[in-house]
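Undergrad: Quick one: the structure is below, questions incoming.
The values are calculated or read from the model by the stated rules, or taken from the named source; none is laboratory data. Bear in mind the structure is a predicted one, so any value in this text is a computation, not a measurement. Here the Cβ is made from the backbone with ideal geometry for all residues, glycine too, and neighbour counts use every protein chain on show.
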């Protein structure tokens, strides 16, 4: 376990040196500074647990030092040292968040007692913040509609990696919800109180994208009439999400690699480097391995961002989530449009479940919004769905006078059969994938003659 880190700040070298010796003898790691400005710089360079500082300091006084070191989430406990006539300042500091104050002349035992109490208080504060963060993160994940086992595995991964600063790459087809998951990672992390900045790398030309990410200084190019910070600076302390990263140009890829390696950026037209504390999340709907082989994506950048990869499954691979998502979208769009709808007809839900959803969750969202607007009754029926959902590729129209229930049996049989194949005959996993209970699945398998092979094999 690391020794507690103390930053001792006083413009009197005798006080700092003697007090530092006392603290080190008790097992504390001590750093010293002789003015407020130096103390702020030291605190930023290396985090500390307790700041023990005189109220009267050159450059920055103790109150301003308190404000500057307390502005981030994992702030140290601050104990102020007060001389004669500065008790009022100390009381004001307590109101602004200082843990305690000590009057001069200092007594070694009192200093040690106060520092230990400050460490205990900070430890309890961090535990409370961590617990609150886990609860908020759980709420953020539960807000995402998805009960499929594949989505449950993704949620487990997010909870495990959210508290780290590791780079995360989200892969999957367009419209699968990668942006929503990126926001969930941020919300589950200790950076949730800082900015979440999203940049779509495919939406801007290369020249504008570079300025958007890194900023520029006045006069660096035509139209640059003032200094402008980039998205990396705006996300400092938080998270930046780079969507469609595969579209980044080779030159931009080099700059991104530099940022990931050194955590520094340079504005366009400026030679000065700026340090940024940013967690980087990225997403792509392309196969980056193939892009590397084709020479369109840098191999070193690929391995730099390939720390934790989350593959988001397409909607067609989690059909059990379709009704859940459809109902959630229905509730939202009905509320937004002032419609009092009760739900979907069975026929409409069957049509939605049988469709392949090439546009994934985004396409389903658009389909439900359209249906809500066009619906003339209390329930959304198949007639409220667009022709693409009712097309031949989704569900062949019944011939003759075949009842709808009978017409749906063959597509249902094919769906169950494919799900069983994908899960190697395991009925429990198949039932979870299809969003039904095991008894229902067993009855349908018996109805469609799917019990004849591998009767109870493969964990069935």
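Undergrad: Hey, among 346, 370, 351, which residue is farther than 18 Å from residue 313 by Cα, modelled with pLDDT of 90 or more and either exposed (fewer than 15 other Cβ atoms within 10 Å of the Cβ) or touching a helix residue (DSSP H, G or I) at 6+ places or on another chain (Cβ under 9 Å) (or both)? Quick ask: steps written out before the conclusion?
TA: Values: 346 fails: modelled with pLDDT of 90 or more; 351 fails: modelled with pLDDT of 90 or more.
Step by step, each of 346, 370, 351 is checked, and only 370 is farther than 18 Å from residue 313 by Cα, modelled with pLDDT of 90 or more and either exposed (fewer than 15 other Cβ atoms within 10 Å of the Cβ) or touching a helix residue (DSSP H, G or I) at 6+ places or on another chain (Cβ under 9 Å) (or both).
Undergrad: Kindly list the number of the only condition in (1) modelled with pLDDT of 85 or more; (2) under 30 Å from residue 195 (Cα atoms); (3) part of a helix (DSSP H, G or I) that fails for residue 51.
TA: Tallying (1) modelled with pLDDT of 85 or more; (2) under 30 Å from residue 195 (Cα atoms); (3) part of a helix (DSSP H, G or I), residue 51 fails exactly one: (3).
Undergrad: Take residue 203 and decide whether it is part of a helix (DSSP H, G or I) and either under 25 Å from the mean Cα position of the chain (by Cα) or touching a residue at least 60 places away in the same chain (Cβ under 8 Å) (or both). Spell out how you get there, then give the answer.
TA: Values: part of a helix (DSSP H, G or I): no; either under 25 Å from the mean Cα position of the chain (by Cα) or touching a residue at least 60 places away in the same chain (Cβ under 8 Å) (or both): yes.
No; evaluated as a whole, the condition is false for this residue.
Undergrad: Would you check which residues across region 20-44 are in contact with a strand residue (DSSP E or B) (Cβ under 8 Å, 6 or more places away or on another chain), modelled with pLDDT under 90 and over 15 Å from residue 57 (Cβ atoms) and list them?
TA: Of everything in region 20-44, nothing turns out to be in contact with a strand residue (DSSP E or B) (Cβ under 8 Å, 6 or more places away or on another chain), modelled with pLDDT under 90 and over 15 Å from residue 57 (Cβ atoms).
Undergrad: Within region 264-286, can one find any residue that is part of a helix (DSSP H, G or I) and either within 22 Å of the chain's Cα centre (by Cα) or on the phi < 0 side of the Ramachandran plot (or both)?
TA: Residues of region 264-286 that are part of a helix (DSSP H, G or I), as a first pass: none.
No, because not a single residue in region 264-286 is part of a helix (DSSP H, G or I) and either within 22 Å of the chain's Cα centre (by Cα) or on the phi < 0 side of the Ramachandran plot (or both).
Undergrad: For region 319-357, which residues satisfy the criterion of being touching a strand residue (DSSP E or B) at 6+ places or on another chain (Cβ under 9 Å) and touching a residue at least 60 places away in the same chain (Cβ under 8 Å)?
TA: Correct list: 323 only.
Undergrad: Among the listed residues 156, 164, 179, identify the single one that is under 25 Å from residue 257 (Cβ atoms) and assigned to a helix (DSSP H, G or I).
TA: On the way: 156 fails: under 25 Å from residue 257 (Cβ atoms); 164 fails: assigned to a helix (DSSP H, G or I).
The conditions single out 179.
Undergrad: From the set of residues in region 60-101 that are modelled with pLDDT of 85 or more and assigned to a strand (DSSP E or B), which is nearest to residue 121 (Cα to Cα)?
TA: Filtering first and then ranking leaves 77.
Undergrad: In region 15-48, which residues are without any contact (Cβ under 8 Å) to a residue 40 or more places away in the chain, at negative phi and not in a helix (DSSP H, G or I)?
TA: Looking only at region 15-48, we keep the residues that are without any contact (Cβ under 8 Å) to a residue 40 or more places away in the chain, and these are 16-18, 20-21, 24-25, 27, 29-45.
Remaining after also requiring at negative phi: 16-18, 20-21, 24-25, 29-45.
Within region 15-48, 29, 30, 31, 32, 33, 34, 35 qualify.
Undergrad: Can you work out which of the residues in region 162-177 that are crowded, with 24+ Cβ neighbours inside 10 Å and in contact with a strand residue (DSSP E or B) (Cβ under 8 Å, 6 or more places away or on another chain) is farthest from residue 329 (Cα to Cα)?
TA: 168
Undergrad: Let me ask something else. Right, residue 208: in a loop (DSSP other than H, G, I, E, B) and without any contact (Cβ under 8 Å) to a residue 24 or more places away in the chain or not? Give the steps one after another, and end with the answer.
TA: On the way: in a loop (DSSP other than H, G, I, E, B): no; without any contact (Cβ under 8 Å) to a residue 24 or more places away in the chain: yes.
Considered against the rule, which asks whether it is in a loop (DSSP other than H, G, I, E, B) and without any contact (Cβ under 8 Å) to a residue 24 or more places away in the chain, residue 208 comes out as no.
Undergrad: Could you grab me the full set of residues in region 191-200 that are within 10 Å of the chain's Cα centre (by Cα) and outside any strand (DSSP E or B)?
TA: 191, 192
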